[in-house]
Number of protein chains: 2
Amino acid sequence: MPPDLQLNRFLPYRLNILSKKVSLALATRYQERFGLSIPEWRVFATLGQEQPLSSNDIVERTAMDKAKVSRAVNRLVAAGLLDRQPHPRDQRLLRLSFSHKGRDLYAQVAPEALAWEGQLLSVLTDTERAQLWALMEKLERRVAEEIPESVPLSDSLD
Amino acid sequence: MPPDLQLNRFLPYRLNILSKKVSLALATRYQERFGLSIPEWRVFATLGQEQPLSSNDIVERTAMDKAKVSRAVNRLVAAGLLDRQPHPRDQRLLRLSFSHKGRDLYAQVAPEALAWEGQLLSVLTDTERAQLWALMEKLERRVAEEIPESVPLSDSLD
DNA sequence: GTTTTATCGTTTCAAATGAAACGTTATAAG
DNA sequence: CTTATAACGTTTCATTTGAAACGATAAAAC
């Protein structure tokens, strides 16, 4: 008798597919309209939260690989969207922040991302949205207990 | 005034991180214990649902790239876990199914995956689990409407 | 029946990835 | 002070990735 593993009722599987679809749908938009790759968008949006940040801050906040962050930052700096300055007290750190151009772009991108999310969430009631956040937080806390010591969250987990 | 995009309340971002963490936690287990890579596990688990399947069936069911499926299938066949036979009526198709060894391995892996999922879901009540599935299904249907025509779901969506 | 056209799975190749090594700077230990 | 250890960000390099080209088969159009 085979074990009853119903894949479409298996959380890791469904979560992966949902996450991919959501990322793709969104990525298609800002790729086409703003020329940002996914890693670039992640870095950019993270800086929208708080500035300045070091590369390592961004690694921690996004669960991205540090090499990937380094490359995304370089592209953003080259594109004139970020300023990169040495930290005055610790020369190992970078102080990353929006350039003027970056701030302008963020002012365009962020509302659009929010609007898109709003469309997506429009299928849920307020109660359901609250449930969704609560459930995701519970799961995230639970799975955090399981993850072996600070293993980097690589991309190719599919 | 900056647009208020709170990243940790932004669904695509949180979904991505949760999905990564879940996949990683699980992957670590079957990688170490059974020597299966993530793509291999996906193919393997899909065949656990239904047999025989063609490579293309697996592509559709898993949202994986067809080149990746092709490579994973080859490794599984080489490892003696799958049988690959030509389809009698359509020579383009493969008939993939578990070998004897594959069936044995599945009998080991599947219960373990289910048990692990059970541990993860143990933080949720029955009601909450039902909510989770309902919410995910709503979101998935909604996002499916947004996805441009049959764009493949690539891996590097992060 | 012959000629498109489409489908399946593999292979190719350029790009992306991430683990490890590296140079640099800071901190801790001696 | 000097040496050893740690942290930050970049670079290197082998591997993985996936878009596109491909060969082979089947279906559709003519």
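The values are calculated or read from the model by the stated rules, or taken from the named source; none is laboratory data. What you are looking at is a predicted structure, and each value in this text was computed from that prediction instead of being measured. Methodologically, a virtual Cβ is constructed for each residue, glycine included, from the backbone with ideal geometry; neighbour enumeration extends over all protein chains shown.
Quick notes on this structure:
- Sole residue being more than 14 Å from DNA strand C (Cβ to nearest atom) and among the small types (Gly, Ala, Ser), chosen from A:SER55, A:SER97: A:SER97
- Cβ pairs under 8 Å, 6+ apart, first in the stretch B:119-145 and under 18 Å from A:ARG142 (Cα atoms) and facing chain A (nearest Cβ under 8 Å), second modelled with pLDDT of 95 or more and in a loop (DSSP other than H, G, I, E, B): B:LEU132/B:LEU124
- Scanning the stretch B:28-37 for residues being within 15 Å of B:LYS68 (Cβ to Cβ) and modelled with pLDDT under 90 gives a total of 0.
- Of all positions in the stretch A:45-62, none carries a residue that is over 27 Å from B:ARG9 (Cβ atoms) and at pLDDT 95 or above.
- Residue satisfying all of: in the stretch A:86-107; within 14 Å of chain B (Cβ to nearest Cβ) and under 18 Å from the mean Cα position of the chain (by Cα); nearest to DNA strand D (Cβ to nearest atom) among these: A:SER97
- Number of positions in the stretch B:98-119 that are over 16 Å from B:PHE34 (Cα atoms) and touching a helix residue (DSSP H, G or I) at 6+ places or on another chain (Cβ under 7 Å): 1
- Residue ID - farthest from the other protein chains (Cβ to nearest Cβ), chosen from residues in the stretch B:25-59 that are among the basic types (Lys, Arg) and more than 11 Å from DNA strand D (Cβ to nearest atom): B:ARG33
- Of all residues in the stretch A:60-85, those that are within 14 Å of chain B (Cβ to nearest Cβ), without any contact (Cβ under 8 Å) to a residue 60 or more places away in the chain, buried (at least 20 other Cβ atoms within 10 Å of the Cβ) and within 13 Å of DNA strand C (Cβ to nearest atom) total 3.
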